[in-house]
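This report refers to the structure that appears directly beneath it.
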Amino acid sequence: MGEKFTVENYHETQIPRDFFRADQLAQWNDKNYHVEKYGNEFSVIIVGETHYNPEFEAKQIELTRLVRPEFVLHEFLGALIYNPITQKFEKQKGRIFGENDGPEELYLPRGLIQAANEMGFKIIGCDLTQRELTKCEKQLAKDFPAKYRFNEEFEAAEKIGDPNYIFTLQSDELTIQR
């Protein structure tokens with residue numbers, strides 16, 4: 001067993017925590033999930049891309065509770081932050097928001113919000129907003145005019161010469177149709 005370190009810079013509502021160790025991770029990983037680890041003590045976790053699966057969500061929340069992070073990054077929040085002190089969603093400063101980038105369009109596992117409320121960590125969005133995505137598509141068309149054009153009517157980039165390859169915006173996510 002490795003030496004124990006306690007993290008001192010936690011929020012008032014956040015419980016003090018020790019680093020999660022490699023031997024604890026091995027005990028948790030009873031289903032042989034693919035895990036890449038760096039070092040023998042952890043305070044950050046990144047989970048994969050499987051969504052809306054109750055079994056996977058439960059394991060992700062279980063791991064989050066074990067690691068007790070200072071914050072959790074979650075793509076579903078876009079540019080929002082869930083603050084467990086206020087129990088509300090807040091906009092990240094310096095980000096671009098459109099009318100469909102609000103918390104009413106969100107899906108977060110209830111268990112993750114409950115863990116955040118109990119343990120005091122913020123859940124931080126780490127994906128583009130709809131407005132930021134549109135801005136990126138416009139820039140793509142501007143930077144590569146021989147490959148892409150921006151369709152103002154649909155507010156989406158199109159690949160020139162391949163009419164079946166278009167970017168469409170559906171349900172606040174980028175869908176590539178081939």
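Is region 77-94 home to any residue that is assigned by TED's automatic domain parsing to the domain that holds Asn32 and within 21 Å of Phe19 (Cα to Cα)? Give the derivation first.
Filtering region 77-94 down to residues assigned by TED's automatic domain parsing to the domain that holds Asn32 leaves 77-94.
Within this subset, residues satisfying the condition of being within 21 Å of Phe19 (Cα to Cα) are none.
No, every residue in region 77-94 fails to be assigned by TED's automatic domain parsing to the domain that holds Asn32 and within 21 Å of Phe19 (Cα to Cα).
Under 23 Å from Phe154 (Cα atoms) and surrounded by fewer than 16 Cβ atoms within 10 Å (Cβ to Cβ), is that true of Glu99? Let's see the steps before the verdict.
Details: under 23 Å from Phe154 (Cα atoms): yes; surrounded by fewer than 16 Cβ atoms within 10 Å (Cβ to Cβ): yes.
Taking the combined requirement at face value, the residue satisfies it.
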One residue from Val67, Val35 being surrounded by fewer than 17 Cβ atoms within 10 Å (Cβ to Cβ) and aliphatic (A, V, I, L, M): Val35
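From the list Lys91, Lys138, which one is in contact with a Phe, Trp or Tyr (Cβ under 8 Å, 6 or more places away or on another chain), within 30 Å of Arg65 (Cα to Cα) and at pLDDT 90 or above? If you could, list the steps in order and put the result at the bottom.
Numbers: Lys138 fails: within 30 Å of Arg65 (Cα to Cα).
Of Lys91, Lys138, the one residue that is in contact with a Phe, Trp or Tyr (Cβ under 8 Å, 6 or more places away or on another chain), within 30 Å of Arg65 (Cα to Cα) and at pLDDT 90 or above is Lys91.
Return the residue satisfying two criteria in turn: it lies in region 49-84 and is in a strand (DSSP E or B) and of a type in the set (A, V, I, L, M, F, W, C), and of such residues it is nearest to the chain's Cα centre (by Cα). First the steps, then the outcome.
Within region 49-84, the subset in a strand (DSSP E or B) is 71-74, 80-83.
When the remaining residues are screened for being of a type in the set (A, V, I, L, M, F, W, C), the result is 71-73, 80-81.
Numbers: Phe71: 11, Val72: 8, Leu73: 4, Leu80: 10, Ile81: 10 Å.
Only one residue fits best here, namely Leu73.
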Among the residues listed as Ile81, Ile85, the single one being loosely packed, with under 14 Cβ neighbours inside 10 Å, in contact (Cβ under 8 Å) with a residue 40 or more places away in the chain and farther than 20 Å from Trp28 by Cα: Ile85
Inter-residue pairs, beta-carbon under 7 Å, first in a loop (DSSP other than H, G, I, E, B) and in region 124-147, second among the acidic types (Asp, Glu), 6+ apart: Cys126/Glu75; Asp127/Glu75; Thr129/Asp101
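The values are calculated or read from the model by the stated rules, or taken from the named source; none is laboratory data. No experiment lies behind these values; they were computed from the predicted model shown. Because the Cβ atoms are built from the backbone with ideal geometry, glycine has one as well, and the counts that use them run over all protein chains shown.
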